[in-house]
Amino acid sequence: MAAPNTNTGQAALAKRLGWTLFILCCYRVGVHVPIPGVDAAALSSFFDSMQGTIFSLFDMFSGGGLSNVSVFALGVMPYISASIIMQLLQVVSPEIKRMAREEGQAGRRKTTQWTRYLTVGITLVQGLGIAVGLENMTSPSGAPVVLHPGMQFRLVTMITFTAGAVLVMWLGEQISERGIGNGISLIIFCGIVVGIPRGIIQSYALIEAGDMSIFKGIILLVFMAAVVVFIVFVERAQRRIPINYAKRQQGRKMYGGQSSHLPLRLNTAGVIPPIFASSLLLFPATIGQFSGNEYVRRLAEFFSPNGLMYNVLYVALMFFFCYFYTAIIFDPKEMAENLKKAGGFIPGIRPGEQTASYIDTTLSRLTFSGAIYISLVCLLPMLLISNFNVPFYFGGTSLLILVGVAMDFMNQVESHMISAQYQMFKNMGRKGGKA
């Protein structure tokens, strides 16, 4: 009798995996659908000359959508920017925070709806900026990128980008609801993965041309493998705070007296800080690169991925979002109250405020260490580009996202498998009891 239940669980998992793969394939198709009115050859020549700049970073997050100027050119960046604004508003406005946390599912639906509206507004602004920038762009040979510039092109571009961003947002939500994993993270993951073969081909071309030696290529592979192992190790690292439960008697039975632990991850915020920090820095830098004003262009040079100003702001924003996002998803006071209600306590620490203070201090130290770790990993491209002359895809934010999303995806697959097995044994127990 166990075989049908097992097959049912496997079928449900296969259905979720198939749905996830189907949505990602739809996203990849949309990346290659260009907007009307753009000269593809001139655009390709322009982006070939912009390798290693802010465009490479933006193109990585859009999965190549920006270099193709496709309907998905903006990718998930507007949605991420809207999510950042909504989370910041929850800190500033107690009413929005109460709605998001205390009103349950209805409050979350309202927050999601506001995030969608805000995504549309951000996309319209970015779409207009990119449309104006495209009109000012020319290929290295002097050929204009836009065939027929004007108000009609700007309006069509804004509408197309907005429709594409809304569709990407919807695709991500469909993966989260009906597939496996976080939809937005998987879309970014997909965009990075498809760029890896191109990066490998470019590296091979550099070796053939003599710009990179085979010895350097081998060192690069070994170094990247060591970094991946290091990231996996740190992502699984935890600080386990011991928890004891006091004995209490209910009627004739004695409960409690057990020991457990409270696991605190070293990197509690995950891949959110580098994604949020990159999205904030991409917007002003991209506007500056698209602008035809010489002073604005010079100002945009400070936000180049290889520039000092960009990396200093990048690290500062990652530290901020590490603490900010950790504070959102983990409340030491709430955890201390829950432990107190359950009769749990940390050895040597009084329940209540002292427990909350102890957890908060420990979490702050872990978050500081996690922020240093994320900053070091995300600054790898500077080292790789300056010393190895490799494409931007190798290292930094992309590598951290790849490893983090892959680990989260496998954990969710494992959870679905365990859930299916648990349901199988539960059904077997019920049938055995009836017999």
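The values are calculated or read from the model by the stated rules, or taken from the named source; none is laboratory data. All values derive from a computational prediction rather than experimental measurement. Ideal geometry is used to build each Cβ from the backbone, glycine not excepted, and the neighbour counts take in all protein chains shown.
Among what's in the stretch 226-243 and is assigned to a helix (DSSP H, G or I) and of a type in the set (A, V, I, L, M), pick the residue that is nearest to Leu363 (Cα to Cα).
Taking the candidates together, the pick is Val234.
Looking at the structure I just gave you, is Ala300 modelled with pLDDT under 75, farther than 21 Å from Ile272 by Cα and either among the acidic types (Asp, Glu) or in contact with a helix residue (DSSP H, G or I) (Cβ under 9 Å, 6 or more places away or on another chain) (or both)? Quick ask: steps written out before the conclusion?
Values: modelled with pLDDT under 75: yes; farther than 21 Å from Ile272 by Cα: yes; either among the acidic types (Asp, Glu) or in contact with a helix residue (DSSP H, G or I) (Cβ under 9 Å, 6 or more places away or on another chain) (or both): yes.
So Ala300 fits the description; yes.
Yes or no, residue by residue, for (1) in contact (Cβ under 8 Å) with a residue 60 or more places away in the chain; (2) touching a Phe, Trp or Tyr at 6+ places or on another chain (Cβ under 9 Å); (3) among the hydrophobic types (A, V, I, L, M, F, W, C):
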site	(1), (2), (3)
Val315	yes, no, yes
Thr326	no, no, no
Asp331	no, no, no
Glu334	no, no, no
Lys341	no, no, no
Pro351	no, yes, no
Thr362	yes, no, no
Any residue at all in the stretch 253-273 that's modelled with pLDDT under 65, surrounded by 16 or more Cβ atoms within 10 Å (Cβ to Cβ) and under 27 Å from Gly127 (Cβ atoms)?
no
For a quick check of your reading of the model, give me the residue pairs whose first member lies in the stretch 166-188 and is on the phi < 0 side of the Ramachandran plot and of a type in the set (Ser, Thr, Tyr), whose second is surrounded by fewer than 21 Cβ atoms within 10 Å (Cβ to Cβ) and not in a helix (DSSP H, G or I), with beta-carbon atoms closer than 9 Å and at least 6 apart or on different chains.
Ser176/Asn182
Residue in the stretch 290-297 that is touching a strand residue (DSSP E or B) at 6+ places or on another chain (Cβ under 9 Å), modelled with pLDDT under 75 and small (Gly, Ala, Ser) present:
no
Among the residues of the stretch 320-358, write down those that are part of a helix (DSSP H, G or I), closer than 20 Å to Ser259 by Cβ, out of contact with any strand residue (DSSP E or B) (no Cβ under 7 Å at 6 or more places or on another chain) and of a type outside the set (Ser, Thr, Tyr).
Met335, Ala336, Asn338, Lys340, Lys341, Gln354
Here the residues within the stretch 327-362 that are surrounded by 15 or more Cβ atoms within 10 Å (Cβ to Cβ), within 23 Å of Gln87 (Cβ to Cβ) and in contact with a helix residue (DSSP H, G or I) (Cβ under 7 Å, 6 or more places away or on another chain) are Ile328, Phe330, Pro332, Met335, Ala356, Ile359, Asp360
Quick test for you: out of Leu317, Leu363, Leu313, pick the one residue that is in contact with a strand residue (DSSP E or B) (Cβ under 7 Å, 6 or more places away or on another chain), of a type outside the set (Asp, Glu) and in a helix (DSSP H, G or I).
Leu363
Pull out all pairs, ordered by first then second residue, where Cβ-Cβ is under 6 Å, the residues are six or more apart or on different chains, the first lies in the stretch 28-45 and is under 18 Å from Gly195 (Cα atoms) and touching a residue at least 24 places away in the same chain (Cβ under 8 Å), and the second is assigned to a helix (DSSP H, G or I) and small (Gly, Ala, Ser).
Val31/Gly65
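Residues in the stretch 248-266: is at least one part of a helix (DSSP H, G or I), in contact (Cβ under 8 Å) with a residue 12 or more places away in the chain and either within 20 Å of the chain's Cα centre (by Cα) or within 30 Å of Arg116 (Cα to Cα) (or both)?
no
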Which one is farthest from Ala143 (Cα to Cα), of the residues in the stretch 26-83 that are at pLDDT 70 or above and charged (D, E, K, R)?
Arg28
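Quick one: which residue in Leu128, Leu88 is assigned to a helix (DSSP H, G or I) and within 25 Å of Tyr27 (Cα to Cα)?
Selected residue: Leu128, the only one of Leu128, Leu88 that is assigned to a helix (DSSP H, G or I) and within 25 Å of Tyr27 (Cα to Cα).
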Considering only the stretch 141-163, I want to know if a residue exists there that is among the charged types (D, E, K, R), at pLDDT 75 or above, within 23 Å of His32 (Cα to Cα) and in contact with a strand residue (DSSP E or B) (Cβ under 8 Å, 6 or more places away or on another chain).
no
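Grab the helices (runs of 4 or more DSSP H) fully contained in the stretch 131-225, keeping just those with 1 or more residues being surrounded by 15 or more Cβ atoms within 10 Å (Cβ to Cβ) and charged (D, E, K, R).
Values: elements: 151-178, 183-193, 196-209.
Once the helices (runs of 4 or more DSSP H) in the stretch 131-225 are filtered for at least 1 residues that are surrounded by 15 or more Cβ atoms within 10 Å (Cβ to Cβ) and charged (D, E, K, R), what remains is 151-178.
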